[in-house]
Each structure stands twice: as structure tokens, then as C-alpha cells.
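The values are calculated or read from the model by the stated rules, or taken from the named source; none is laboratory data. Since this is a predicted model, take the numbers as computed values, not measurements. Cβ placement follows ideal geometry from the backbone for every residue including glycine, while neighbour counts extend to all protein chains displayed. Note: accessible area is taken over every heavy atom of the protein model, side chains too, but ligands, DNA and RNA are not part of it. Shrake-Rupley method; radii C 1.70, N 1.55, O 1.52, S 1.80 Å.
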Amino acid sequence: MPDAMDFLAIDALLDDEERLIRDTVRAFVRDRILPNIGQWFEEGTLPREIGRELGALGLLGMHLHGYECPGASAVAYGIACMELEAGDAGVRSFASVQGSLAMFAIHRFGSEEQKREWLPAMARGEKIGCFGLTEPDFGSNPADMRTTARRDGSDWVIDGTKMWITNGSFADLAIVWARTDEGIAGFVVPTDTKGFSANLIHRKLSLRASVTSELVLENVRLPDSARLPGAHGLGGPLACLNEARFGIVWGVMGAARSCYATALEYAKSRVQFDRPIAAFQLTQEKLVNMLLELQKGTLLALHLGRMKDEGRLHPTQVSFGKLNNVREALAIAREARSILGANGVTLEYPIIRHMNNLESVLTYEGTSEIHLLVIGQAITGLPAFT
Ligand code: TGC
Ligand code: FAD
């Protein structure tokens with residue numbers, strides 16, 4: 001009989017190293033994250049030392065090569081994201097921003113000096129990075145950003161505000177994207193630079209176990225060596241987003257798996273009308289629909305991961321994965337929540353936490369509408385953004 005948690009035997013499609021990474025990250029989540037996450041979520045915090053712990057496990061910049069980065073495959077990186085987000089999207093976000101956005105930006109576009117200065121310490125989790133693209137008035141449309149960087153002698157002077165920036169308040173460096181006379185450019189901004197400040201965003205009801213901040217840059221003066229020399233135009237930040245979006249395609253299946261597993265166990269033990277609620281046809285329909293989308297989404301993530309490892313994954317295919325898997329993970333979480341009845345609304349169970357987190361995941365790294373339009377343009381040849 002197929003396994004209720006792995007009905008299509010997807011496990012058999014992984015190699016030994018991939019299974020080892022999965023088991024290692026799963027054990028870390030079980031021992032370190034799950035016992036604490038309810039409290040962190042309630043308090044609206046994520047301890048900064050999680051960075052060093054993720055670094056010690058080789059999970060920061062894990063798919064990057066050189067500079068003390070592990071150089072793992074895309075599939076291995078995806079599996080790690082899935083296991084981290086089975087714990088909480090806040091922990092996966094931390095790893096995504098550090099590895100796929102901040103470290104990737106330096107790895108892909110940075111100078112040799114920037115790589116040597118930052119990447120090893122970031123891989124160890126000693127230095128924390130954030131990625132500032134979104135602004136208060138420009139989210140889906142970063143091309144029109146207002147933050148500017150102007151030349152002043154041999155220096156650059158940056159002014160502007162970035163909004164909703166993960167890891168912002170405890171970051172040592174911010175990758176800041178700004179408009180220059182030559183187009184959009186990226187800068188490595190040490191957060192102790194005069195004129196830089198980060199303000200914690202309070203009262204979030206989603207991704208609470210994650211630090212989200214506003215970055216304010218007032219007359220931030222940096223030498224030319226702080227500019228990412230390889231990044232020219234909006235394609236720079238968008239290339240970083242491809243990496244993080246790929247991690248989300250996997251990550252959300254971890255959150256969905258946690259919801260499905262919780263609902264399945266609960267349904268088998270919760271008795272109403274003298275029967276376990278799992279014996280009712282309506283409950284079985286919910287569980288089966290959840291399983292179908294969970295398994296299809298996981299297969300999709302694996303397929304995209306194998307394509308990425310073969311170097312033939314197109315950004316629009318990442319959009320396909322992000323749109324489908326986040327949408328389905330959110331539907332699974334909502335369905336799972338209903339199976340738990342009133343118990344589904346408390347932090348005693350993980351479901352409502354995942355469900356609330358997924359609302360942010362649906363929005364960040366490109367909203368579902370933006371990914372739909374990216375795919376729409378790819379299949380029709382007609383852009384419908386404006
Ligand atoms: P468009 O004219 O289409 O493109 C501009 C230039 O970029 C290139 N490009 C890409 N390059 C790499 N990867 C991609 N996915 C790319 N998409 C486009 C393109 O070829 C062009 O290059 P060039 O050389 O010709 O200049 O740009 P557009 O202004 O029309 O915008 C397209 C659109 C709407 C798809 C894009 O702006 C977009 O993706 N918007 C969504 C913004 C977004 O995703 N923001 C995320 C912020 S970071 C975040 O949310 C982190 S969450 C952190 C956490 O996990 O906690
Ligand atoms: P808007 O762009 O104002 O969109 C609002 C609505 O309008 C959405 O439904 C959108 O899909 C829709 N819409 C917009 N344009 C169109 C269109 N052309 N056609 C149809 N519908 C459209 N950003 C960073 O740079 N770095 C980070 O680390 C980061 N972390 C984040 C963490 C959290 C918890 C959250 C919630 C966000 C984070 N973001 C980060 C910001 C995130 O990327 C943006 O919220 C996202 O890109 C959407 O921008 P917006 O919120 O301004 O929404």
C-alpha cells in the first residue's frame with residue numbers, strides 16, 4: 001500500500017546525498033525550530049543566532065560554489081528549503097534572503113574583493129545580509145524605484161527608502177538597488193555606514209517569526225568599491241529573485257506537508273457522531289484533494305530542480321512553479337485548518353501559522369498576479385502588465 005505521506009514514492013527519485021540533506025535539515029527543524037517556533041511567532045521574533053546554526057549546517061548560500069560555500073545542487077538546496085519551511089516560512093525566508101538574494105548578488109555580480117570580504121562570513125552565518133529592492137510606492141514595479149545613487153567625486157551618495165525588507169534590522173550589510181545615471185545599480189551597504197538606519201515593522205500577522213524592516217538611506221556615502229560591478233539594469237535584481245523564487249517553489253510544499261500531516265493525524269483521532277471524522281466522506285475528500293496537490297507540487301519542484309541542475313530552467317518556468325505551488329499550498333493550509341475545527345485556530349497546531357505565513361509568500365518575490373502575467377506573456381507574446 002502506498003505511504004500516506006509519500007503516495008507516489010517521490011522519495012525513490014532522490015539520491016543518497018539528497019536524502020541525507022533532507023534528514024539532517026529535518027532533524028534540525030524537529031529539535032531546534034519546532035519546540036520554539038510557536039513562542040517566536042507569538043513574540044514576533046526570530047533569534048539572530050539561528051544564522052550561525054544554519055551556517056554550521058551548510059545551509060547559507062548552499063548552492064553557491066567557492067568562498068566557503070557548499071556548492072550543493074539545486075535539488076539539494078530545494079530540499080533544504082522544503083524542510084526549513086515545514087518548520088516555518090520565517091526560517092526558510094532567513095536562508096533565502098541570506099543565500100539566494102544577498103550572497104547570490106555578491107557571488108554573481110560582485111568584485112573579487114567583495115566576494116572575499118563577505119561570502120565566507122555570510123556562509124558561516126557570522127554576517128547577515130538583507131536585500132532592498134521594494135520601496136513604499138514601488139513593489140510589483142521596481143523599474144520605477146525612487147532610490148537614487150549619484151556620483152560625488154569618486155564616491156556614490158545614496159538616498160531613498162526601502163520597505164518590507166527581511167532581516168533588515170539585524171543585517172550587517174544590505175544589498176541596495178538604486179537608480180543611477182547609467183540605470184539601476186546594486187550596492188553593498190554596510191549597515192553601520194553613516195546615514196543608514198533600519199526600522200522594525202511591527203504588527204505583522206504573517207511571517208511573524210521573521211524580522212521585517214524599513215531601510216532609510218540619507219546621504220549614505222560609499223566608495224565606488226561598494227558598487228556591484230557586474231550588475232547593470234533591472235536584470236540584476238531580477239536574476240537574484242529567480243534563485244529565491246526557486247527555493248519558494250520547494251519551501252511551500254514543506255509548509256503544505258506539515259498542514260496535511262497534522263490534519264490527517266487529527267482526523268483519524270478526533271471522534272464526532274461516534275466515528276473518527278476521517279471516516280466521513282467529506283473529510284476524506286478534503287484529505288485526498290490535499291494529497292493530490294501536495295504530491296503534484298512536490299513533483300513539479302523536483303522537475304524544476306533537475307532542470308535547474310542541467311542548466312535549462314527558464315525564469316518563466318520558475319514563475320510557473322511559484323504561482324502553482326504557493327497557490328496550492330495556501331489552499332491545502334486552509335482546507336487542513338477546517339479539519340481541525342476550533343483547534344485549527346490556535347498556535348498549539350502549526351496550521352494557522354503556516355496559513356498566515358503563506359499569505360506573505362503569495363505576495364513576496366513577485367505576487368501571484370505578477371507570475372500569472374509573466375506566464376501569460378510567455379504563452380501569448382503579449383505583455384499585460386500595463
Ligand atoms: P522587463 O522590461 O521585463 O525586464 C527588465 C530587464 O530584466 C530582465 N528580466 C529578467 N532577468 C532575469 N530574471 C528574470 N526573471 C527577469 N525578468 C526580466 C529583462 O530581460 C530585462 O533585461 P534587459 O537587459 O533587456 O534590460 O521589466 P519590467 O519592468 O517590465 O518588469 C517585469 C516584472 C513585472 C516581471 C518585474 O518587475 C517583477 O518581477 N516584479 C515583481 C517584483 C518582485 O518580485 N519583487 C520582489 C522583491 S524581493 C522579495 O520579495 C524578497 S522576499 C524575501 C523573503 O523570502 O523573505
Ligand atoms: P503592489 O505592487 O502594490 O500590489 C498590490 C496588488 O496589486 C497585488 O495583488 C498585485 O498583484 C496587484 N498588481 C500590481 N501590479 C499589477 C498588474 N500590473 N496587474 C495586475 N495586478 C497587479 N521586498 C524586498 O525587496 N526585500 C525583502 O526582503 C522583502 N521581504 C518581504 C517580506 C514580507 C513579509 C513581505 C510581506 C514582503 C517583502 N518584500 C520584500 C516586499 C514584496 O516583494 C512586495 O510586497 C511585493 O513585491 C508586492 O509589492 P507591494 O506589496 O507593493 O504590492
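Using bins 10 angstrom wide from zero, how does P(r) for the stretch 83-157 break down, in % of all Cα pairs?
Values per bin, smallest distances first: 16, 33, 37, 11, 2.
Over the alpha carbons of the stretch 51-111, what is the largest minus smallest coordinate on each principal axis, giving the biggest first in Å?
35, 19, 19
Once the Cα gyration tensor of the stretch 48-191 is found, what semi-axes does its equivalent ellipsoid get, as square roots of 5 times the eigenvalues, in whole Å, sorted largest first?
Numbers: eigenvalues 144, 60, 33 Å².
In descending order the semi-axes read 27, 17, 13 Å.
Pick out, in residue order, every one of the chymotrypsin sites (Phe, Trp or Tyr not before Pro) in the stretch 220-322 that is DSSP loop and has at most 11 other C-beta atoms within 10 Å; say none if there are none. Don't skip to the end; give the middle numbers.
Working: sites: F246, W250, Y260, Y266, F273, F280, F320; in loops: F273, F280.
Sparse-neighbourhood loop chymotrypsin sites (Phe, Trp or Tyr not before Pro): F273.
Rounded to the nearest 10 Å², what accessible area does D224 show when all protein chains are kept and the probe is 1.4 Å?
60
Would you mind working out the magnitude of the charge dipole of the stretch 83-232 relative to its Cα centre, with +1 at each Lys and Arg C-beta and -1 at each Asp and Glu C-beta, to the nearest 20 Debye? Walk me through the numbers before you get to the answer.
Working: 17 positive and 20 negative charges, 45 e Å.
Dipole size: approximately 220 debye.
State to the nearest 20 debye the size of the charge dipole of the chain about its Cα centre, where the only charges are +1 on K and R beta carbons and -1 on D and E beta carbons. Walk me through the numbers before you get to the answer.
Details: 39 positive and 47 negative charges, 99 e Å.
Here the chain has a charge dipole of around 480 debye.
Which value, in Å to one decimal place, does the Kirkwood hydrodynamic radius take for the stretch 235-380 when every pair of different Cα atoms is included? If you can, show how the numbers build up before the last one.
On the way: mean 1/r = 0.0622 Å⁻¹.
Here the Kirkwood hydrodynamic radius works out to 16.1 Å.
Among H107, L34, A76, which residue has its Cα furthest toward the positive end of the charge dipole of the stretch 10-123, with +1 on Lys/Arg Cβ and -1 on Asp/Glu Cβ?
Selected residue: H107.
Quick one: if you take sqrt(5λ) for each eigenvalue of the C-alpha gyration tensor of the stretch 307-355, what semi-axes come out, biggest first, whole angstrom?
Details: eigenvalues 216, 19, 9 Å².
So the equivalent ellipsoid measures 33, 10, 7 Å along its semi-axes.
For the chain, what number of Lys pairs, 8 or more residues apart or on separate chains, have alpha-carbon atoms under 21 Å from each other?
Value for the chain: 10.
Any chance you could check the Cα centroid distance between the stretch 35-70 and the stretch 172-246 for me, in angstrom?
Here the two parts' Cα centres lie 20 Å apart.
If you project the alpha carbons of the stretch 220-292 onto the principal axes, what extent comes out on each, in Å, largest first?
73, 24, 13
Principal axis lengths of the stretch 10-123 from Cα atoms, whole Å, largest first?
The Cα atoms of the stretch 10-123 stretch 41, 39, 18 Å along their principal axes.
Tell me, what is the 1.4 Å probe accessible area of R26, in Å² to the nearest 10?
100
Once the convex hull of the alpha carbons of the chain is built, what does its volume come to per residue, in cubic angstrom?
Numbers: hull volume 54.1 nm³, N = 386.
Normalising the Cα hull of the chain by residue number yields 140 Å³.
Considering the dipole of the stretch 235-380 built from charges on the beta carbon (Lys and Arg +1, Asp and Glu -1) around the Cα centre, which of L373, A301, A244 is farthest to its positive end?
My answer, from the dipole projection, is A301.
Just to check, using Stokes-Einstein with a Kirkwood Rh over alpha carbon pairs, what's the diffusion coefficient of the stretch 145-275 at 25 °C and 0.890 mPa s in µm²/s?
Numbers: Rh = 17.5 Å.
My calculation gives 140 µm²/s for D.
Sort R208, R92, R116 from largest to smallest accessible area, using a 1.4 Å probe on the heavy atoms of the protein chains.
Numbers: R208 50, R92 0, R116 160 Å².
If we order R208, R92, R116 from most to least accessible, we get R116, R208, R92.
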